[in-house]
Amino acid sequence: MSDMQEAERTLSREEAQEALDEVQRVRKTNEQRLRKPGRYWIMVGGFLGVLALIPLSRDYLTEPWTYLAPPALLIVIAAACMWGQPVAGRQYRMTRPMAVQLVRFLLILCVLTSVGPGLYGAFEHWWIPVLFAFAMFGTSAVLGSRMDRDWAKVVSRGN
């Protein structure tokens, strides 16, 4: 009888391991499905890059183009990133750690947004807005997708 009980215990351990493996596979699948595509963060980065280039456009473009170019670029960026994509997005219930991550992300972008035009106004080098445009684009593309990946993990695990 003990051999039979031991065989049942081993079998149930194997079944338990298979069930745990299946749960892990489902969690990974959920994480993949909950993540927003990277093009959304590229779009946000493009918007912020255009914002960073506005001081440069005031100095190098003529009067009507100074006001028309940034909105036109925003429309082109949005159209390119959203082309043929579904508009429905997943909604997350904001938790405290998610809110802290979002506030950190926004603070970094606010610092970049305020420092760039200030340095350009002080030194008037053409490359300062370009540098800050790349910094804002990179920050939003990298940190935004990382933040989204972390949020998807939190939501898929039910924490």
- line: Expected single match for among the hydrophobic types (A, V, I, L, M, F, W, C), in contact with a Lys or Arg (Cβ under 9 Å, 6 or more places away or on another chain) and in contact (Cβ under 8 Å) with a residue 24 or more places away in the chain among ALA152, ALA133 is ALA152
message: Looking only at segment 99-128, how many residues end up being surrounded by fewer than 10 Cβ atoms within 10 Å (Cβ to Cβ) and in contact (Cβ under 8 Å) with a residue 60 or more places away in the chain?
response: 0
query: So is SER140 modelled with pLDDT under 90 and open to solvent by less than 50 Å² (accessible area, probe 1.4 Å) or not?
result: no
- line: Going through segment 94-110 in order, the residues found to be of a type in the set (Val, Ile, Thr) and under 17 Å from ALA141 (Cβ atoms) are ILE108
query: Is there any pair with a first residue in segment 47-75 that is without any contact (Cβ under 8 Å) to a residue 60 or more places away in the chain and a second that is in a helix (DSSP H, G or I) and open to solvent by 90 Å² or more (accessible area, probe 1.4 Å) whose Cβ atoms are under 6 Å apart and which are 6 or more apart or on different chains, and what are they?
result: THR66/ARG58
statement: Note on TRP83: of the conditions (1) modelled with pLDDT under 90; (2) under 15 Å from SER145 (Cα atoms); (3) open to solvent by 90 Å² or more (accessible area, probe 1.4 Å), unmet is (2)
- prompt: Would it be correct to say that VAL44 is of a type outside the set (Phe, Trp, Tyr), in contact with a Leu (Cβ under 8 Å, 6 or more places away or on another chain), surrounded by 11 or more Cβ atoms within 10 Å (Cβ to Cβ) and in contact (Cβ under 8 Å) with a residue 60 or more places away in the chain?
  reply: no
- prompt: Only one of these conditions is not met by LYS28: (1) modelled with pLDDT of 85 or more; (2) closer than 22 Å to ASP150 by Cα. Which number is it?
  reply: (1)
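Yes/no matrix, rows are residues, columns are (1) farther than 30 Å from VAL155 by Cα; (2) among the aromatic types (Phe, Trp, Tyr):
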{"site": "GLU14", "(1), (2)": "no, no"}
{"site": "ASN30", "(1), (2)": "no, no"}
{"site": "ARG33", "(1), (2)": "no, no"}
{"site": "TYR40", "(1), (2)": "no, yes"}
{"site": "GLY46", "(1), (2)": "no, no"}
{"site": "SER57", "(1), (2)": "yes, no"}
{"site": "TYR60", "(1), (2)": "yes, yes"}
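The values are calculated or read from the model by the stated rules, or taken from the named source; none is laboratory data. This is a predicted model, so every value here is computed, not measured. No Cβ is skipped: glycine too gets one built from the backbone with ideal geometry, and neighbour counts run over all protein chains shown. To get the accessible areas, we keep the full protein, side chains included, count just its heavy atoms, and leave off ligands, DNA and RNA. Shrake-Rupley method; radii C 1.70, N 1.55, O 1.52, S 1.80 Å.
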